[in-house]
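Peer 1: The structure that follows is given in the form of structure tokens.
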Amino acid sequence: MNHLISPAKLRRGVGWKRRDESCARNRRKPLRRASTVPMLRRMSQFARSPVTAVLGPTNTGKTYLAIERMCGHASGMIGFPLRLLARENYDRVVALKGVENVALVTGEERIVPPKARWFLCTAESMPLERETAFVALDEAQLGADPERGHVFTDRLLRARGREETMILGSDSLRPMVRALVKDAEIISRPRFSTLSYAGARKLSRLPRRSAIVAFSSEEVYAVAEAIRRMRGGAAVVMGALSPRTRNAQVEMFQSGEVDYLVATDAIGMGLNLDVAHVAFASLRKFDGRRQRRLTVAEMAQIAGRAGRHHRDGTFGALVEEGPNAFTPEEVLAIEGHHVPPLERLYWRRGEPDFSSIDALIDSLSERPTDPVLTAAPEAIDLIVLKRLAEEDWVRARTRSPMMVRRLWAACGVPDFRKLGPDPHSRFVGRIFSYLSEGAGHIPHQWFADELQRLDQMSGDVETIAGRIAAARSWAYIAHRSDWLLDPEHWAARTRGVEEKLSDALHDRLRQRFVDQRTTLLLRRIGAGAADLPVDVASDGAVSVDGHALGRLTGFRFDVSPDTRVADKRLLIAAAEKGLAGELRKRGAELAVAGDAELALVADPGGVPALTWNGLPVATLTGGTTLDRPVVTLDRSLQVLDRAAQGQVRERLTAWLQGEMTKRAPTLGALAALARDPAAGGALRAVAAALTEVGGIAPRDGFEAMLLPLSGDDRRRLRKAGVAIGTLDLFDARLFKPAAARWRAALLAARDGHPVEPLAPNAATVLPAGQGAWGYRRFGPQAVRVDLVERLARAAHDARQGNAPFAPDPALATSIGLKVETIARMMAQLGFRPITAEGEAPQWRWHPPRRHGSPPTPAPRPPRPGNAFAALAELAFRR
């Protein structure tokens, strides 16, 4: 390809055959020759015409053909619509011709070796003053773009190669070429593959290898975020990205690291990607002046990115109805590659008059004379020029054509940051003030300070993207050869800063829009749960192919704390599938767990819970009676099937009953008495009532039920462990720490809230304000009821009938009772104080009248002469 392909070879198809054979090797598919022969006949015309317009839809190989033709000439130049495209094709030509022979010329990047013969440029940066054998303009239909159209129209009219000129574009350009380039040969090229409409699909249902197109950075980010949540991640491609960031993002998509690409309409400008489906997130865009619907030509240009070479592609929208849905007419036009012909192109004088500022403005404001051309809308460079022309100091410094040229060059600094006319005019004004004074160089200190301010990698995607946009302005300045004293040094510095920012932006884009863990899961889950390689470490850490998912604690899977809220549902679903075997195994182990592995605890809310090796597996709720609580499995065990849950519940219930019999036997014995059909009704009533209060209750509430009890009934109660004390009914064993904890847990399960707090270490006496169950309050202190009964027995043992007595203070003192506490307790026990002056306090028994017992009247003497009187006399004598 170092020499121009001869007409004879073109007619034999040598040049095109080489390309087809290369494509066939890459695809390893049979070569399709049907559409090649007519094309070769048309290509033979290249040798006869100096200007050739190669028109057709996307995926027709126009750009590839232009590169091939350029490399066949001794020198050449191609203008592309995007810096990204210029860079991509620069790399391709360097591989063919060597880096020393190929130049890259864009606004922000300039690589021009001394012996360069082939130039890859953006349309705006094409060095038209340089003569080359071949010149091509890519995407020439952009002459109809209001913002940049005048540049492409100018290149269409003025850019010519010494031996061959090629105009590449859409079929819509045909009437414009006929009207403006009358000597041009027009060659149509068919699309290699079929493009068809696939209907509307939601984001969640898009096929893999899809590109979603949006028309603002905000919309791109929003769509990418949604794709990350639903599909694991997406690459992001926008025209504002640096080539380094763009290439890194594209590589993620091309390598299969992610299956989705979210892009602006920059994707339609010749970016060759392995895309099978193009989905439009919107069909409206802001064109710099207003929000409008895409034209059919724009839709076709973007949709045509689907299906490359001989692979068919599809396109569609995200909605079926509404303003963002395709109409039937648009679908037919896109599928048939029928785009409306352009009726006009935007024009602005390409070689303006630099004799003065006013002459420059007038020449740039000229109106075209050709009927198919229309004056371009006022671009940002002309707006800035007019604003600076109002400044007296600017007019004073532009008295020569050379300085007018210099001013216009400064006005050409693009507004990469999108600040608007006023801020950008001030920026350009400062640049020109330096260019028009002294040696005409921008001060190194200002340049260095501004670059240093941008040389920081912190911040989010938007922040770093903003720094890159600002760095592009300084890169543009650094590549103006006469604006800086040492332009090569500063070009290298700006390139270094931009590359670092580009790498940082790529990392932020990955962090924000790519979740490798989720992407991997989605692929694996589709293959079935059995194929999901979930690893569970000894500490419960769960991972898939080395990507951490979270931690399995018992039967509960907790997502990694660095996971976003929107991803939790997906990861939990993945874990449930991948951990099914591990969970079944743990369920079987729990169903046969040993007694030592299970425990009764209280959860943070005070509700009793059962744990297995320290992990909560169930809670207790009230049952039919206190001794029969209901075991409710923890929600985390719902991952087990019903049979496994039943086995676990049976095991926990059996353990619960066994432990209750061991730790609090009184409650089980009382419940058994209450259910014993052989026991009398009075005994069963007392047992049932005591069971419901946990085996400890004041005697006052039971007095009426105790009266009918027989001696045998009372013996059975004592056998169950119940003591019928003077003031309380209780079982002293319930005050042991383990028994007390179980009694409190059962009451809490029944009532749904914690009971009164347990006394610390089964204390005998508490301050009155520290009330606890099983304690009776006497003035300043509360005394445990079993000790109250011991003191009552000691007092009765010490008295002699109703005679006054002084109880032994040793027991009360050892317990720690205060004098006031003793006095109140003795009074409640039925003793009245008798204190003589100067003597120790004494007490006299005064039996209290029991609740429910009427006072016993004194017996009346029998009437004399009555038979009962005689019996009474005999009894008295006896």
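Peer 1: For segment 94-139, what are the residues that are part of a helix (DSSP H, G or I) and either surrounded by 17 or more Cβ atoms within 10 Å (Cβ to Cβ) or under 41 Å from the mean Cα position of the chain (by Cα) (or both)? Step through it out loud before you land on a result.
Peer 2: Going residue by residue through segment 94-139, those that are part of a helix (DSSP H, G or I) are 94-97, 99-101, 123-125.
Within segment 94-139, VAL94, LYS97, ALA123, GLU124, SER125 qualify.
Peer 1: Hey, LEU709 hits all of (1) assigned to a loop (DSSP other than H, G, I, E, B); (2) in contact with a strand residue (DSSP E or B) (Cβ under 7 Å, 6 or more places away or on another chain); (3) at pLDDT 85 or above but one; which does it fall short on?
Peer 2: (2)
Peer 1: Separate question: Just name the residue that is nearest to LYS736 (Cα to Cα) out of those in segment 635-649 that are surrounded by fewer than 19 Cβ atoms within 10 Å (Cβ to Cβ) and either β-branched (Val, Ile, Thr) or in contact with a strand residue (DSSP E or B) (Cβ under 9 Å, 6 or more places away or on another chain) (or both).
Peer 2: Here is the first cut: in segment 635-649, the residues surrounded by fewer than 19 Cβ atoms within 10 Å (Cβ to Cβ) are 635-636, 638, 641-647, 649.
Restricting the remaining residues to those that are either β-branched (Val, Ile, Thr) or in contact with a strand residue (DSSP E or B) (Cβ under 9 Å, 6 or more places away or on another chain) (or both) gives 635-636, 645, 649.
Details: ARG635: 33, SER636: 34, GLN645: 34, ARG649: 28 Å.
Within segment 635-649, the match that is nearest to LYS736 (Cα to Cα) is ARG649.
Peer 1: Of the residues GLY199, GLY149, which single one is touching a residue at least 12 places away in the same chain (Cβ under 8 Å) and within 21 Å of TYR346 (Cβ to Cβ)? Spell out the reasoning first.
Peer 2: Numbers: GLY199 fails: within 21 Å of TYR346 (Cβ to Cβ).
Going through GLY199, GLY149 in turn, the sole match is GLY149.
Peer 1: Does SER204 meet the test of being free of Cβ contacts under 8 Å to residues at least 40 places away in the same chain, open to solvent by 10 Å² or more (accessible area, probe 1.4 Å) and closer than 27 Å to LEU294 by Cβ? Spell out how you get there, then give the answer.
Peer 2: Numbers: free of Cβ contacts under 8 Å to residues at least 40 places away in the same chain: yes; open to solvent by 10 Å² or more (accessible area, probe 1.4 Å): yes; closer than 27 Å to LEU294 by Cβ: yes.
For SER204, the condition - free of Cβ contacts under 8 Å to residues at least 40 places away in the same chain, open to solvent by 10 Å² or more (accessible area, probe 1.4 Å) and closer than 27 Å to LEU294 by Cβ - is met.
Peer 1: Within segment 202-221, work out how many residues are closer than 16 Å to ALA325 by Cβ and among the hydroxyl-bearing types (Ser, Thr, Tyr).
Peer 2: 0
Peer 1: I would also like to ask the following. Could you please find all residues in segment 724-751 being of a type in the set (A, V, I, L, M), open to solvent by 20 Å² or more (accessible area, probe 1.4 Å) and either in contact with a strand residue (DSSP E or B) (Cβ under 6 Å, 6 or more places away or on another chain) or under 15 Å from LEU656 (Cα atoms) (or both)?
Peer 2: Of segment 724-751, the ones of a type in the set (A, V, I, L, M) are 724, 727, 729, 732, 734, 738-740, 744-749.
From the residues that got through so far, the ones that are open to solvent by 20 Å² or more (accessible area, probe 1.4 Å) too are 724, 727, 732, 738.
Once the filter is applied, which keeps residues that are of a type in the set (A, V, I, L, M), open to solvent by 20 Å² or more (accessible area, probe 1.4 Å) and either in contact with a strand residue (DSSP E or B) (Cβ under 6 Å, 6 or more places away or on another chain) or under 15 Å from LEU656 (Cα atoms) (or both), segment 724-751 yields only ALA738.
Peer 1: In segment 252-278, how many residues are assigned to a helix (DSSP H, G or I) and open to solvent by 30 Å² or more (accessible area, probe 1.4 Å)? Talk me through it step by step, then tell me what you get.
Peer 2: Within segment 252-278, the first condition is being assigned to a helix (DSSP H, G or I), and the residues that meet it are 252-254, 265-268.
Narrowing the set further to residues that are open to solvent by 30 Å² or more (accessible area, probe 1.4 Å) leaves 254, 265.
Residues in segment 252-278 being assigned to a helix (DSSP H, G or I) and open to solvent by 30 Å² or more (accessible area, probe 1.4 Å): 2 in total.
Peer 1: Being at pLDDT 85 or above, within 20 Å of THR726 (Cβ to Cβ) and either in a loop (DSSP other than H, G, I, E, B) or in contact with an Asp or Glu (Cβ under 8 Å, 6 or more places away or on another chain) (or both) is the filter here; which residues of segment 817-859 pass it?
Peer 2: Listed by number, the residues that qualify are LEU817, GLY830.
Peer 1: Pick out the one residue from ALA240, ALA144 that is within 38 Å of the chain's Cα centre (by Cα), modelled with pLDDT under 95 and of a type in the set (A, V, I, L, M).
Peer 2: Numbers: ALA144 fails: within 38 Å of the chain's Cα centre (by Cα).
That would be ALA240, the only listed residue that is within 38 Å of the chain's Cα centre (by Cα), modelled with pLDDT under 95 and of a type in the set (A, V, I, L, M).
Peer 1: Taking only segment 252-287 into account, find how many residues are under 24 Å from MET299 (Cβ atoms) and free of Cβ contacts under 8 Å to residues at least 24 places away in the same chain. First the steps, then the outcome.
Peer 2: So the first thing to find is which residues in segment 252-287 are under 24 Å from MET299 (Cβ atoms), and the list is 253, 259-287.
In the following step, the residues that additionally are free of Cβ contacts under 8 Å to residues at least 24 places away in the same chain were identified as 253.
Matching residues across segment 252-287 total 1.
Peer 1: Follow-up. Quick one: count up the residues across segment 83-111 that are touching a residue at least 40 places away in the same chain (Cβ under 8 Å) and touching a Ser or Thr at 6+ places or on another chain (Cβ under 7 Å).
Peer 2: Residues meeting the conditions: 2.
Peer 1: Which ones in segment 602-625 are within 24 Å of ASP558 (Cα to Cα), open to solvent by 60 Å² or more (accessible area, probe 1.4 Å) and either β-branched (Val, Ile, Thr) or free of Cβ contacts under 8 Å to residues at least 12 places away in the same chain (or both)?
Peer 2: Selection gives PRO604 alone.
Peer 1: Pairs needed: first member in segment 418-439, more than 10 Å from LEU388 (Cα to Cα); second member anywhere, open to solvent by less than 80 Å² (accessible area, probe 1.4 Å) and among the acidic types (Asp, Glu); C-beta distance under 7 Å; at least 6 residues apart or different chains.
Peer 2: Partner pairs satisfying both residue conditions: HIS424/ASP415.
Peer 1: Please determine whether any residue of segment 660-675 is within 30 Å of LEU583 (Cβ to Cβ) and in contact (Cβ under 8 Å) with a residue 12 or more places away in the chain.
Peer 2: Here is the first cut: in segment 660-675, the ones within 30 Å of LEU583 (Cβ to Cβ) are 660.
From what is left, the residues that are in contact (Cβ under 8 Å) with a residue 12 or more places away in the chain are 660.
Checking segment 660-675: at least one residue is within 30 Å of LEU583 (Cβ to Cβ) and in contact (Cβ under 8 Å) with a residue 12 or more places away in the chain.
Peer 1: Quick one: is ASP381 among the acidic types (Asp, Glu), crowded, with 16+ Cβ neighbours inside 10 Å and assigned to a helix (DSSP H, G or I)? Quick ask: steps written out before the conclusion?
Peer 2: Values: among the acidic types (Asp, Glu): yes; crowded, with 16+ Cβ neighbours inside 10 Å: yes; assigned to a helix (DSSP H, G or I): yes.
The answer is yes for ASP381.
Peer 1: Yes or no: segment 467-487 includes at least one residue that is open to solvent by 50 Å² or more (accessible area, probe 1.4 Å), without any contact (Cβ under 8 Å) to a residue 40 or more places away in the chain and in a helix (DSSP H, G or I).
Peer 2: Narrowing segment 467-487 to residues open to solvent by 50 Å² or more (accessible area, probe 1.4 Å): 481-482, 485-486.
Next cut, without any contact (Cβ under 8 Å) to a residue 40 or more places away in the chain only: 481.
Keeping just the survivors that are in a helix (DSSP H, G or I) gives none.
For segment 467-487, residues open to solvent by 50 Å² or more (accessible area, probe 1.4 Å), without any contact (Cβ under 8 Å) to a residue 40 or more places away in the chain and in a helix (DSSP H, G or I): absent.
Peer 1: Shifting gears a bit: Return the only residue of LEU142, LEU168 being in contact (Cβ under 8 Å) with a residue 12 or more places away in the chain, part of a helix (DSSP H, G or I) and crowded, with 24+ Cβ neighbours inside 10 Å. Full working, then the answer.
Peer 2: Details: LEU168 fails: part of a helix (DSSP H, G or I).
The unique qualifying residue is LEU142.
Peer 1: Among the residues of segment 682-694, are any within 60 Å of the chain's Cα centre (by Cα), within 25 Å of LEU791 (Cβ to Cβ) and either free of Cβ contacts under 8 Å to residues at least 24 places away in the same chain or surrounded by fewer than 17 Cβ atoms within 10 Å (Cβ to Cβ) (or both)?
Peer 2: The answer is yes; a qualifying residue exists.
Peer 1: Looking at segment 774-816, which of its residues are assigned to a loop (DSSP other than H, G, I, E, B) and farther than 16 Å from THR726 by Cβ?
Peer 2: Step one: of segment 774-816, the residues assigned to a loop (DSSP other than H, G, I, E, B) are 774, 779-780, 799-804, 806-808, 816.
Once the filter is applied, which keeps residues that are assigned to a loop (DSSP other than H, G, I, E, B) and farther than 16 Å from THR726 by Cβ, segment 774-816 yields GLY779, PRO780, GLN800, GLY801, ASN802, ALA803, PRO804, ALA806, ASP808, GLY816.
Peer 1: A follow-up question, please. Identify all residues within segment 533-556 that are under 22 Å from GLU589 (Cα atoms) and modelled with pLDDT under 75; write none if there are none.
Peer 2: Correct list: VAL534 only.
Peer 1: OK, next. Evaluate segment 208-221: report whether one residue or more is charged (D, E, K, R), in a loop (DSSP other than H, G, I, E, B), in contact (Cβ under 8 Å) with a residue 40 or more places away in the chain and surrounded by fewer than 22 Cβ atoms within 10 Å (Cβ to Cβ).
Peer 2: Filtering segment 208-221 down to residues charged (D, E, K, R) leaves 208-209, 218-219.
The next check asks that each one be in a loop (DSSP other than H, G, I, E, B); those that pass are 208-209.
Applying the additional criterion that residues be in contact (Cβ under 8 Å) with a residue 40 or more places away in the chain yields 208-209.
In the following step, the residues that additionally are surrounded by fewer than 22 Cβ atoms within 10 Å (Cβ to Cβ) were identified as 208-209.
Within segment 208-221 (the criterion being charged (D, E, K, R), in a loop (DSSP other than H, G, I, E, B), in contact (Cβ under 8 Å) with a residue 40 or more places away in the chain and surrounded by fewer than 22 Cβ atoms within 10 Å (Cβ to Cβ)), the answer is yes, since at least one residue qualifies.
Peer 1: Further, regarding this structure: Looking at segment 626-654 only, could you name the residues that are closer than 22 Å to LEU552 by Cα and either within 33 Å of the chain's Cα centre (by Cα) or among the acidic types (Asp, Glu) (or both)?
Peer 2: LEU633, ASP634, ARG635, SER636, LEU637, GLN638, VAL639, LEU640, ASP641
Peer 1: Of GLY587, GLY578, which residue is surrounded by 17 or more Cβ atoms within 10 Å (Cβ to Cβ) and modelled with pLDDT under 70? Walk me through it before giving the result.
Peer 2: Details: GLY587 fails: modelled with pLDDT under 70.
Result of the check over GLY587, GLY578: GLY578.
Peer 1: For segment 231-251, give me the residue count where each residue is part of a helix (DSSP H, G or I) and either free of Cβ contacts under 8 Å to residues at least 60 places away in the same chain or within 25 Å of ALA471 (Cα to Cα) (or both). Show your work before the answer.
Peer 2: Filtering segment 231-251 for residues part of a helix (DSSP H, G or I) gives 231, 243-251.
Cutting the leftovers down to either free of Cβ contacts under 8 Å to residues at least 60 places away in the same chain or within 25 Å of ALA471 (Cα to Cα) (or both) gives us 243-251.
Residues flagged as part of a helix (DSSP H, G or I) and either free of Cβ contacts under 8 Å to residues at least 60 places away in the same chain or within 25 Å of ALA471 (Cα to Cα) (or both) within segment 231-251 amount to 9.
Peer 1: Let me ask another. Across segment 171-182, which residue is farthest from ARG349 (Cα to Cα) among those that are open to solvent by 10 Å² or more (accessible area, probe 1.4 Å) and part of a helix (DSSP H, G or I)? Walk me through how you get there before you give the answer.
Peer 2: Within segment 171-182, the subset open to solvent by 10 Å² or more (accessible area, probe 1.4 Å) is 171, 174-175, 178-180, 182.
From what is left, the residues that are part of a helix (DSSP H, G or I) are 171, 174-175, 178-180.
Details: ASP171: 25, ARG174: 22, PRO175: 21, ARG178: 21, ALA179: 18, LEU180: 15 Å.
Within segment 171-182, the match that is farthest from ARG349 (Cα to Cα) is ASP171.
The values are calculated or read from the model by the stated rules, or taken from the named source; none is laboratory data. The structure displayed is predicted, hence computed values, not measured ones. A quick note on method: Cβ atoms are made from the backbone with ideal geometry, for glycine too, and the neighbour counts reach across all protein chains shown. Just so you know, the surface numbers come from the protein's heavy atoms only, side chains and all, with ligands and any DNA or RNA stripped out. Shrake-Rupley method; radii C 1.70, N 1.55, O 1.52, S 1.80 Å.
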